[in-house]
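Accompanying notes for the structure given below.
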Amino acid sequence: MPQSPVILAFESSCDDTGVALIRGNKVLANTVANQAIHAKFGGVVPELASRAHIQNIVPTLDVALEESGIEVSSIDAVAYTRGPGLMGSLHVGTSFAKSWAWSHGKPMIPVNHMQAHILAHFLAPGPYPRFPFLCLTVSGGHTQLVEVSSALNMRVLGETLDDAAGEAFDKVAKLMGLPYPGGPVLDRLAAEGDAFAYPFSKPNVAGLDMSFSGLKTQIWQFLQRKTQEDPAFIAGHKNDIAASVQRIILDVLLDKLEAAVAQTGIKRVAIAGGVSANSGLRARLRTMQESDDWDVFIPPLSYCTDNAAMIAMAGSLMFQERWIGALSDEPQPRWTF
Ligand code: KG4
Ligand code: ZN
């Protein structure tokens, strides 16, 4: 077993085709082909996503290999996203990755996308969280509070009962007539707005689970009422609406994170997934680091949204524990852990 294995990884769970190469935990190449086509439709169109993966995967691999300067013979194993994600998208990535690995005689490692978001924290240069730690994983498809006991031993303590946090950002942005994906657009607008302009209320959900669909309805009804009174309401108050929406979504997430810390006594806290790029969330966590005496881990922006480097990192840790997959492993669109 090499000390610092070279891992080639493929990510194709949603609408981005990612290919990465890492040695140990050092990223040699991390290439992403973004699919601009979905913006026209205000959301990811699964059929178009799988077609675009087919077009993108070979050129993205070529670019990653060239950028890394790695010879195929030096690659120790091939990791790929087995799930969760869109079935058609996963099919392209899993079939391609397994075929490539098989034809080159390399071990193949099926990776859980949500675990990989968390394990992105172990990519260089750190700082790396010590085990155990809590991770708030917030993406477009999932929102989970995870207790991470070791790289390969994780337990979901609570999760959303309906929409994911990223979905809530995207859906509200759509109601406001903003382009897809709405999360980063709302984030930028919120920076110039009053977070307390509109007092949206938090849903009441027991334990460490969360819910965002009622919040979305509440905001939709609010926007409808205001637009009836003044058709230019949204255009005239974009920043305050965005800031108030962002505040309430973050209130839900951070309240549950605080409850998880209280319940487990674990004060090492990380965030992961697309929504961890949110500047409001990052700033509020930094504040809580001081006020609540937490040890906070925030990933670099390039490892927040979907990327193949995180799949490679997870693959590397699994490879070192000899967690090797088989050619018969099928995509798992609803893979839990
Ligand atoms: O992890 P990710 O790239 O893909 C999934 O696995 O789903 O997450 C994408 C989600 C989208 O909903 C997007 O709007 C959201 O992350 N997002 C953000 C920000 N950047 C991406 N949400 C809020 N603020 C951001 N800055
Ligand atoms: Zn993701």
In order through segment 312-323: 3J(HN,Hα) via Karplus (6.51 cos²θ - 1.76 cosθ + 1.60), integer Hz, x for Gly, Pro: 5, 4, 4, x, 5, 5, 5, 4, 5, 9, 6, 8
Estimated dipole of the chain in Debye, rounded to 20 [Cβ of Lys and Arg +1, of Asp and Glu -1, Cα centre]: 140
Inter-part distance where segment 278-337 and segment 193-226 are each reduced to a Cα centre, Å: 27
Computed [θ] at 222 nm, helices only, for the chain once each DSSP H run of length n ≥ 4 contributes -39500 (n - 2.57): -13500 deg cm²/dmol
Net +/- balance of residues flanking Q144 in space, Cβ distance below 11 Å, scoring K and R +1, D and E -1: -1
Distance histogram for segment 129-302 (every C-alpha pair counted, 10 angstrom bins, percent rounded to whole numbers): 10, 39, 34, 14, 3, 0
Mean Cα-pair separation over length for the chain, i.e. relative contact order, pairs under 8 Å, 6 or more apart, %: 25
Computed E for S73/R225 - FRET, C-beta separation, R0 56 angstrom, nearest 0.05: 0.30
Label-point separation, A262 to K202 (7 Å along Cα→Cβ), nm: 0.9
Cut-off under 5 Å, modelled amide H: who pairs with A29 long-range: L21
Given K216/K267; K26/K98; K171/K267; K174/K267; K216/K256; K202/K238, the pairs whose alpha carbons are separated by over 29 Å: K216/K267; K171/K267; K174/K267
Helix axis angle, 165-175 relative to the chain longest principal axis, alpha carbon, degrees: 50
Distance between modelled label sites at A326 and A39, nm, 7 Å Cα→Cβ extension: 4.5
With Cα atoms, 0 to 90° folded angle of helix 238-264 axis to the chain main axis: 60
Which of E290, E159 has the fewest Cβ neighbours within 10 Å, and the rest in rising order: E290, E159
Cα long-axis angle, helix 46-68 against the chain (0 to 90 degrees, to the nearest 10): 60
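Quick note: the coordinates plus some simple rules give every number you see, no bench work behind them. The structure displayed is predicted, hence computed values, not measured ones. FYI the Cβ positions are ideal-geometry reconstructions off the backbone, even for glycines, and counts take in every protein chain you see.
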